[in-house]
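S.K.: Can you read through this structure? Questions will come right after.
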Amino acid sequence: MFTYVKAFDGQQYSTLKRQCLQSGLLFEDPRFPATDDSLFYQGNRIGRVVWKRPRELCEDPHLFVDGISAHDLHQGQLGNCWFVAACSSLASRESLWQKVIPDWKEQEWDTERPESYAGIFHFRFWRFGEWVDVVIDDRLPTVDNQLVYCHSDDSNEFWSAMVEKAYAKVYGCYEALDGGNTADALVDFTGGVSEPVDLLEGQMATDEGSAQPAATTVEDMEARLDCGLVKGHAYAVTDVRKVRLGHGLLAFFKSEKLQMIRMRNPWGEKEWSGPWSDSRPPPPPIKTPTTYSLPTRGAHHYSNL
C-alpha cells in the first residue's frame, strides 16, 4: 500500500544525495548546520562542541552492529529519557523501526563501495497527520571525542544518534528535546494513537502490536526511590506477563497468577532493587516459576503490579 511521505523543509533525500555524489562532496545540511544554534536555544552549557562525522570517531562505522536492539540506546547529556525510552520500544518492533529508518540497507556504510557514501541520511516521523521525511548530514556533536547525546554500547554503531539528530531537527534544536512525553514520541514513530493505562486500576496492556512506555510520577522530580525507580523518569516497557505461582504441576493446576511488568531504564545507571531483582529473591511464599524466566540484562527492572 502506497503511503504519501512529505519532504520536511522541502529537502528531497534522493535529489540531495545525487548532487553530493556528482560533486564528490559530503553533504552539509544548511537547514540544520553544525553550530550551537542547532544545539541550544538558551545558550551553550556544556562547553566547546566539535562536530564530527562517524568516520572521524571510528574506523568502521555502521548504522547497526549485530542488528537493532533496545540495548543499543544510552541517554547522553540531555534530559530526553522520554525520547530514548520511545526508541527502546521502537527497536523491539521491526515493522515499526523500518518505518522510521527507511531504506536502511541502502543507507548503511558500504565498505566495498566507499564512493557511494555521501554523508546524508533520512528518517521518517508522523507529524500532524502525515509522514514527513527528514534529511540530515552525519556530523554529530562531540566533546573530547565522545558523542554528547544519545549513543550506543558499540562505539561504531550510530543509528540512535542519527535518529536523535533528525528528531532534534524537527523540534528546532537538541535542547528542545529536554523534557517531553514518551507517548508523544511513540505517536511520531508509529502514526498510531496513545492511550494511558492506570496500573493502579489493574489494567494490563498485552497487545503484541503495541509499543509500551512507562513513567513514574513527576512529584520530587528525579528523586531516587528505595526500590530503584526514579521519579519523573521515563522507562520502556519490554514485556508484560501473567505468571503462574508455584512449581511444576502445582503451577499448572493453580489458578492464581501474578501480573508482572518488565521495564528498561535508558539511563542504565539505576536498577530496580525490589523483589525479583538481581540482588533480591522473590518474597516468600511466592517463588519465581520455572515455567517462565525473564533474563536480566542491562538496566532492566522487574516489578509486580
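S.K.: Just to be sure before I move on: is Leu78 assigned to a loop (DSSP other than H, G, I, E, B), assigned by TED's automatic domain parsing to the domain that holds Phe125, under 19 Å from the mean Cα position of the chain (by Cα) and not basic (Lys, Arg) in the structure I sent?
M.R.: Values: assigned to a loop (DSSP other than H, G, I, E, B): yes; assigned by TED's automatic domain parsing to the domain that holds Phe125: yes; under 19 Å from the mean Cα position of the chain (by Cα): yes; not basic (Lys, Arg): yes.
Judged against the criteria, Leu78 is a match.
S.K.: Can you tell me which condition Asp133 does not meet? The list is (1) touching a residue at least 12 places away in the same chain (Cβ under 8 Å); (2) under 20 Å from Asp37 (Cα atoms), and all the others hold.
M.R.: (2)
S.K.: Only residues that are part of a loop (DSSP other than H, G, I, E, B) and under 14 Å from Arg139 (Cα atoms): list them for region 32-51, please.
M.R.: To start, the set of residues in region 32-51 that are part of a loop (DSSP other than H, G, I, E, B) comprises 32-35, 39-49.
Residues satisfying the conditions are Phe32, Pro33, Ala34, Thr35, Leu39, Val49.
S.K.: If you take just the helices (runs of 4 or more DSSP H) that sit entirely in region 87-182, which of them hold at least 2 residues that are closer than 26 Å to Gln19 by Cβ and out of contact with any Lys or Arg (no Cβ under 8 Å at 6 or more places or on another chain)?
M.R.: Here the list reads 104-107, 159-171.
S.K.: Out of Ile136, Ile120, I need the residue that is within 18 Å of Asp188 (Cβ to Cβ) and touching a helix residue (DSSP H, G or I) at 6+ places or on another chain (Cβ under 8 Å). Which one?
M.R.: On the way: Ile120 fails: within 18 Å of Asp188 (Cβ to Cβ).
Being within 18 Å of Asp188 (Cβ to Cβ) and touching a helix residue (DSSP H, G or I) at 6+ places or on another chain (Cβ under 8 Å) holds for just one of Ile136, Ile120, which is Ile136.
S.K.: Here are Phe83, Phe64: which of them is within 14 Å of Ser160 (Cα to Cα), in a loop (DSSP other than H, G, I, E, B) and out of contact with any strand residue (DSSP E or B) (no Cβ under 6 Å at 6 or more places or on another chain)? First the steps, then the outcome.
M.R.: Values: Phe83 fails: in a loop (DSSP other than H, G, I, E, B).
Checking each option against the conditions leaves just Phe64.
S.K.: Report yes if some residue within region 45-68 is of a type in the set (Gly, Ala, Ser) and touching a helix residue (DSSP H, G or I) at 6+ places or on another chain (Cβ under 7 Å); otherwise report no.
M.R.: Within region 45-68, the first condition is being of a type in the set (Gly, Ala, Ser), and the residues that meet it are 47, 67.
Among the residues that remain, those that are also touching a helix residue (DSSP H, G or I) at 6+ places or on another chain (Cβ under 7 Å) are: none.
Taking every residue of region 45-68 in turn, none turns out to be of a type in the set (Gly, Ala, Ser) and touching a helix residue (DSSP H, G or I) at 6+ places or on another chain (Cβ under 7 Å).
S.K.: Additional query: Tally up the residues in region 19-34 that are more than 25 Å from Glu175 (Cα to Cα) and surrounded by 13 or more Cβ atoms within 10 Å (Cβ to Cβ), please. First the steps, then the outcome.
M.R.: Initially, region 19-34 is screened for residues more than 25 Å from Glu175 (Cα to Cα), giving 19-26.
Those still in the list that are surrounded by 13 or more Cβ atoms within 10 Å (Cβ to Cβ) too: 19-21, 26.
Summing the residues that are more than 25 Å from Glu175 (Cα to Cα) and surrounded by 13 or more Cβ atoms within 10 Å (Cβ to Cβ) in region 19-34 gives 4.
For every residue, the table says whether it meets (1) farther than 28 Å from Gly129 by Cα; (2) free of Cβ contacts under 8 Å to residues at least 60 places away in the same chain; (3) small (Gly, Ala, Ser).
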position: Thr15; (1), (2), (3): no, yes, no
position: Pro33; (1), (2), (3): no, yes, no
position: Lys52; (1), (2), (3): yes, no, no
position: Phe64; (1), (2), (3): yes, no, no
position: Gly79; (1), (2), (3): no, no, yes
position: Arg93; (1), (2), (3): no, no, no
position: Glu108; (1), (2), (3): yes, yes, no
position: Ala118; (1), (2), (3): yes, no, yes
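S.K.: Out of the residues in region 35-47 that are out of contact with any strand residue (DSSP E or B) (no Cβ under 7 Å at 6 or more places or on another chain) and in contact (Cβ under 8 Å) with a residue 40 or more places away in the chain, which is surrounded by the fewest Cβ atoms within 10 Å (Cβ to Cβ)? Spell out how you get there, then give the answer.
M.R.: Initially, region 35-47 is screened for residues out of contact with any strand residue (DSSP E or B) (no Cβ under 7 Å at 6 or more places or on another chain), giving 35-38, 40-45.
Those still in the list that are in contact (Cβ under 8 Å) with a residue 40 or more places away in the chain too: 37-38, 40-42.
Numbers: Asp37: 11, Ser38: 22, Phe40: 17, Tyr41: 14, Gln42: 8.
Taking the candidates together, the pick is Gln42.
S.K.: While we're looking at this one, here's another question. Would you tally the residues in region 257-270 being buried (at least 20 other Cβ atoms within 10 Å of the Cβ) and at pLDDT below 70?
M.R.: 3
The values are calculated or read from the model by the stated rules, or taken from the named source; none is laboratory data. Only a predicted model underlies this, so the values are computations on that prediction, with no experimental measurement involved. FYI the Cβ positions are ideal-geometry reconstructions off the backbone, even for glycines, and counts take in every protein chain you see.
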